[in-house]
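K.L.:
My questions will all concern the structure given below.
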Amino acid sequence: MTLRIGVIGVGMIGQDHIRRLTEVLSGGRVVAVSDVDHDRARKIASALPGCTSHVTGEELIADPNVDAVVVTTWGPTHEEFVLAAIEAGKPVFCEKPLATTREACERIMSAESGAGQRLVQVGFMRRFDASYRALKDAVDSGRIGAALMMHCAHRMPEAAPNYTSEMAITDCLIHEIDLVRWLFNDEIAAVRVLKPRGNSNTQEGVDDPLFVLIELGSGILVDVEVSANIRYGYDIRGEVVGESGTVALADNTDVVLKQGAHYSGRVPSDWRERFIRAYDIEFQEWIDNLAANKPPAGPTSWDGYAATAVADAAIEAMRTGNRKTVMLATKPDFYQD
């Protein structure tokens, strides 16, 4: 069976997912698109065999030819489309964030549990990256002993013109927030945000870089450097320190060149290059599970809620300079593993 997919939002990430679903993966076909820019949606649809364009996301969700929905629109619109998909009983893949407020995430969880079936998957793609999966395997196996701490870096060559200090949390750190919850199977208890000396490449009024200290409930500490304008490339780093060893992500380069008393490798230019295979695996597993009548196996609405709650706490910590405790609701039985 071919899964008939509708994509709401055909900007950069939406178009990249359409390319992926159309040219790279198997078992799925894009049959409908919508976008706030109707002309762009019509142009995208005209290039895809048998694809229709809709004026609104709600119209796309109601289309009987659409089996499942992908949401890649602006964050504040996610709630309405995810809720509409749940009401229609259609699986929905929602790019992060699940929603921009805790209350919106809670409404989504309530609607999904009321529907009685897992329908939502949130697009935290790092869980599908081969390097991070190997990192988790090393931690879970106990080969480095009990984990004590983790060092992370999230470095980008250049921020977008509309980049803000808050986006360092909601667009960048959000990935490490979800990652460490998954990696250590634990919730985040508190967070601090420190502001080092500012990068002269950063626009006025933006705090960059940031140094974030995350405390997990088990006592594991995670430090994260978020640099938005470091110029040399897109560099993602992670090292877990255990009682009897360490495990770290390897440099993401194909070869190391040694010549003239120097050696060099290559740094990815952006997030698409670094995580292209993770996105492929993420969507292929989503399609395969739905085709087998299984619920989505990736990050849940609870994961989306927890990430948003921690991000809210981190923004408050950044504004005040104080340690901020993270307060989560009781995890519903519906989302227990």
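Here, each number is a calculation from the coordinates, and none is a lab measurement. The structure displayed is predicted, hence computed values, not measured ones. Methodologically, a virtual Cβ is constructed for each residue, glycine included, from the backbone with ideal geometry; neighbour enumeration extends over all protein chains shown.
K.L.:
May I ask you to derive the relative contact order of the stretch 204-267, considering only C-alpha pairs under 8 Å and at least 6 residues apart, and to give it as an integer percent?
P.N.:
This gives 20 percent for the stretch 204-267.
K.L.:
Next question. Could you work out which residue, out of 234, 305, 163, moves most in a Gaussian network model of the chain, that is, has the largest mean-square fluctuation with Cα springs under 10 Å?
P.N.:
Between 234, 305, 163, it is 163 that shows the largest mean-square fluctuation.
K.L.:
Quick check: net charge around residue 61, other residues with Cβ under 13 Å of its Cβ, Lys/Arg +1 and Asp/Glu -1?
P.N.:
Combined, the nearby Lys, Arg, Asp and Glu give -4.
K.L.:
So how far, in whole Å, is the C-alpha centre of the stretch 251-311 from the one of the stretch 236-250?
P.N.:
Each part reduced to its Cα centre gives a spacing of 18 Å.
K.L.:
Run the reach check for residue 90 against lysines, Cα to Cα strictly under 18 Å, same-chain hits fewer than 8 apart removed. What comes back?
P.N.:
Once the sequence-local lysines are set aside, what remains near residue 90 is 294.
K.L.:
Length gain on complete extension for the stretch residue 133 to residue 42, per 0.36 nm per residue less the alpha carbon to alpha carbon distance?
P.N.:
In short, 28.9 nm is gained.
K.L.:
Just to be sure I understand: with springs between alpha-carbon atoms less than 10 Å apart, which residue in 89, 50, 304 has the highest mean-square fluctuation in the Gaussian network model of the chain?
P.N.:
Residue with maximal mean-square fluctuation among 89, 50, 304: 50.
K.L.:
For n ≥ 4 DSSP H runs only, could you compute -39500 (n - 2.57) per run for the chain, divide by its residues and tell me the 222 nm figure to the nearest 500?
P.N.:
-10500 deg cm²/dmol
K.L.:
Using the Kirkwood radius over C-alpha pairs as Rh, can you work out the diffusion coefficient of the chain via Stokes-Einstein at 20 °C, viscosity 1.002 mPa s, in µm² per second?
P.N.:
Translational diffusion coefficient: 102 µm²/s.
K.L.:
Gain in length, residue 160 to residue 223, computed as 0.36 nm per residue apart minus the alpha-carbon separation, to one decimal in nm?
P.N.:
Additional length available on full extension: 20.3 nm.
K.L.:
Within the set of other residues whose C-beta is less than 14 Å from the C-beta of residue 123, count the net charge using Lys and Arg as +1 and Asp and Glu as -1.
P.N.:
-4
K.L.:
Label residue 140 and residue 201 with points 7 Å out from Cα along Cα→Cβ: what is the distance between them in nm?
P.N.:
About 3.6 nm, to one decimal.
K.L.:
The stretch 87-138 to the stretch 312-335: how many Å between their Cα centroids?
P.N.:
Value for the Cα centre distance between the two parts: 18 Å.
K.L.:
Under the definition of Cα pairs under 8 Å and six or more residues apart, what whole-number percent is the relative contact order of the stretch 159-211?
P.N.:
38 percent.
K.L.:
So which lysines can residue 324 reach, going by Cα to Cα under 26 Å and dropping same-chain residues fewer than 8 places off?
P.N.:
Answer for residue 324, where 26 Å is the Cα cut-off: 96, 195, listed by chain and number.
K.L.:
Using a basic spin-label model with each label point 7 Å from the Cα along Cα→Cβ, how many nm lie between residue 336 and residue 270?
P.N.:
4.4 nm
K.L.:
Sticking with this one: Please list 272-283, 288-299 highest first by mean number of surrounding beta-carbon atoms within 10 Å per residue.
P.N.:
272-283, 288-299
K.L.:
So if we plug the beta-carbon distance of residue 325 and residue 149 into 1/(1 + (r/R0)^6) with R0 = 30 Å, what FRET efficiency do we get, rounded to 0.05?
P.N.:
The formula returns an efficiency of 0.95 here.
K.L.:
Sort 43, 258 by Cβ crowding within 10 Å, fewest neighbours at the top.
P.N.:
Lowest count first: 258, 43.
K.L.:
I've got another one for you. If contacts are Cα pairs under 8 angstrom and at least 6 residues apart, what is the relative contact order of the chain in percent?
P.N.:
19 percent.
K.L.:
May I ask you to compute the full-extension gain from residue 239 to residue 185, defined as 0.36 nm times their residue separation minus their alpha-carbon distance, rounded to one decimal in nm?
P.N.:
Residue separation times 0.36 nm, minus the Cα-Cα distance, leaves 17.8 nm.
K.L.:
What distance in nm lies between label points placed 7 Å from Cα along the C-beta direction at residue 248 and residue 107?
P.N.:
4.5 nm
K.L.:
Now, a different point. List every residue whose amide H lies under 5 Å from the amide H of residue 207, counting only residues 5 or more places away in sequence or on a different chain, with H placed 1.01 Å from N in the peptide plane.
P.N.:
Placed amide hydrogens put 165 under 5 Å from residue 207.
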